[in-house]
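Notes follow the structure.
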Amino acid sequence: MRERICYLGDDDLGGAAIYLAGVMTHFGLPFAHVQSTDSPGDEFLSRQYRLYVISDYPAECFQPGQMEHIAECVRQGSGLVMLGGWESFHGRLGEYHRSPLVDVLPVEMADEDDRRNQAQPCLIKKTAEHAILDDIPWQTPPGIGGFNAFRAKPDAETLLSSVRFLVNCQADVFTFTPGDEAPLLVVGEHGQGRTAALATDVAPHWVGGFVDWGDRRVVQDVGDDFIDVGNWYARFFRQLLGWAGGF
């Protein structure tokens, strides 16, 4: 079966990319992967995928016209998901905040370093009902280790937020005080296509305890290696990709 998903970034399939690759393999979603050191191939401009996933992928790896091609494919009905990372959104050096994807993504990106690394608990909070979130127990939320800071566009919808907690220990008693809240998952549309921005990563370290969230394990071979993750983590990413790509 020909690939329906173009997955760009997260290093290679021997590294961080194995997590999302494992989820897609487990659920039978055919994909093509472009590792973080490579540019998309020569046939990229002549093909339209059902879904484009950009995750910790350096913007400079795109060749002229390739981001414009993604934008046009989304306008015609493809999906686009950007996952968080040091080379997503603005990131460490400035990646996509002045790119052709600015008008496509459902969020307003910062014009400075947007990385927010969390040493104390940062928990996921459900803020809306949506198909991406169905059949997942958000009342017992997982924690994450970091995220990119962005704002939802006026016509977009925030489905999840991150809530940072200030933790103090006095006389062996811990107190947890809710702190800042920030958009974590924002969805929208561009033309006929669906778009989503997830501020945190799919792989360590930013994914934090999210990767183990579940009441059973999902184990999936990927080439010569494998993933061993929580089933609710796997379900969430399956539903995120399925909604954005329409499958």
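Exposed loop sites, defined as trypsin sites (Lys or Arg not before Pro) outside DSSP H, G, I, E and B with at most 10 other Cβ atoms within 10 Å, are absent from the longest region of the chain, namely 3-215.
Counting only DSSP beta bridges whose two residues both lie in the chain, roughly 65 percent are antiparallel.
In terms of other Cβ atoms within 10 Å, VAL207, VAL202, VAL219 run from fewest to most in the order VAL219, VAL207, VAL202. Close amide H contacts of ASP180 (hydrogens built in the peptide plane, cut-off under 5 Å, sequence separation of 5 or more or a different chain): ARG164. The length gained on full extension between GLU68 and GLU3, counted as 0.36 nm times the residue separation minus their Cα-Cα distance, comes to 21.3 nm. The length gained on full extension between HIS130 and CYS169, counted as 0.36 nm times the residue separation minus their Cα-Cα distance, comes to 10.3 nm. Helix 66-75 and the longest principal axis of the C-alpha atoms of the chain enclose an angle of approximately 80°.
For a paramagnetic label modelled on ASP180 (point 7 Å from Cα along Cα→Cβ), amide N atoms under 15 Å away belong, within the stretch 131-157, to 145-152. Suppose R0 equals 35 Å; then what is the FRET efficiency for GLU157 and ASP224 from their Cβ-Cβ distance, rounded to the nearest 0.05? The calculated FRET efficiency here is 0.30.
Taking GluC sites (Glu not before Pro) as exposed when DSSP calls them loop and at most 14 other C-beta atoms lie within 10 angstrom, the chain has its longest site-free stretch at 130-247.
Here is the result for the stretch 66-135: no chymotrypsin sites (Phe, Trp or Tyr not before Pro) lie in DSSP coil with at most 10 other C-beta atoms within 10 angstrom of their C-beta.
Let me have the relative contact order for the chain, percent, based on Cα pairs under 8 Å that are six or more residues apart. If you can, show how the numbers build up before the last one.
On the way: 585 pairs, mean separation 50.9, N = 247.
Across the chain, relative contact order equals 21 percent.
Every number here is computed from the coordinates shown, using simple stated rules; none is lab data. The shown structure was predicted, so the numbers you read here are calculated from the model rather than taken from an experiment. Positions of Cβ are generated from backbone atoms using ideal geometry, with glycine treated the same way; all protein chains shown enter the neighbour counts.
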